[in-house]
1. Rank ALA105, THR126, ALA82 by how far each Cα sits towards the positive end of the charge dipole of the range 26-156 (+1 on Lys, Arg Cβ; -1 on Asp, Glu Cβ) and give me just the farthest.
2. For the range 49-97, just run the numbers: alpha carbon Rg, then divide by 2.2 N^0.38 Å, N being how many residues it has.
3. Which listed residue (VAL16, PRO67, GLY50) has the Cα farthest towards the positive end of the charge dipole for the range 1-124, taking +1 on Lys and Arg C-beta and -1 on Asp and Glu C-beta about the Cα centre?
4. What is the list of residues in the range 154-169 whose amide nitrogen lies under 14 Å from a point 7 angstrom out from the Cα of ARG140, following Cα to Cβ?
5. Do me a favour and compute the ellipsoid semi-axes for the range 1-44 from its Cα gyration tensor, root of five times each eigenvalue, largest one first, whole Å.
6. Could you work out Rg/(2.2 N^0.38 Å) for the range 1-121, with Rg from alpha carbons only?
7. At q = 0.08, 0.11, 0.15 Å⁻¹, what log₁₀ I(q)/I(0) does the chain have when each alpha carbon counts as one equal point scatterer in the Debye sum?
8. Using alpha-carbon pairs under 8 Å, 6+ residues apart, how would you state the relative contact order of the range 2-180 in percent?
Amino acid sequence: MLLAIDTSAGSSVAIVDRDRGTIVELGEADTRRHAEVIGTLIALALAESGVSIPELSGVAVGMGPGPFTGLRVGIAAAQAFAFGAGKPVVRVVSHDAVAWGHYAAGNTGPLLVVTDARRREVYWSTYSGADEFGLPERSRGPAIESPAGLETLGLDGHARIDAAEVSAASAGLLAEGLFQHRRAFAGPEALYLRAPDVTVSAGPKRVS
């Protein structure tokens, strides 16, 4: 049983189980309130599910792609909760969670997942389909591009999902599937795909 968190778009928190599926899922669509709502969503998800912290086997978290400010809130919350609870963190690519939901609903064939990167750009990933276990097979991305540039990539044969939110339940159930079938999780680095606005100076400021 996993607590799952994704803040790559809005804020989504879920409690999922490999056998029971989604036990509870809560979310906030506002992309400017991640830090305000994430703690409340975690507490409410645990309360509404009736699941105690010792019953959890771990914490799943979406690693993006996503804008720096929002994405780091979910990752930090997952790490802090897991540390306090003495549970492991398992990481998934947020676009893979969107694709998992698409294929779990019975859809087949090539897929394009698109999310908002702001600054008139989008994040995108493509998938050739799902494997024999229903796990999405990513063929390209995640990457960042302008909407006009995306149209030149020759993806007309793909079904397209423009995801305004990423389901934490899908992220958690994807993590359950990856673990069950011994597939690799995402790496420890967040997928910002863009340098942060604020950078550290290379040295002390010169005073004249």
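1. ALA82
2. Working: Rg = 11.6 Å, N = 49, 2.2 N^0.38 = 9.7 Å.
That ratio works out to 1.20.
3. It is PRO67, whose Cα lies furthest towards the positive end.
4. Counting backbone N atoms under 14 Å from the label point, the list is 154-160.
5. Numbers: eigenvalues 84, 18, 10 Å².
Sorted largest first and rounded, they come to 20, 10, 7 Å.
6. Compactness ratio reported: 1.05.
7. For the requested q values the scattering log ratios are -0.27, -0.50, -0.89.
8. Answer for the range 2-180 is 28 percent.
Readers should treat all values here as calculations from the given coordinates under stated rules, not as data from a laboratory. No experiment lies behind these values; they were computed from the predicted model shown. Positions of Cβ are generated from backbone atoms using ideal geometry, with glycine treated the same way; all protein chains shown enter the neighbour counts.
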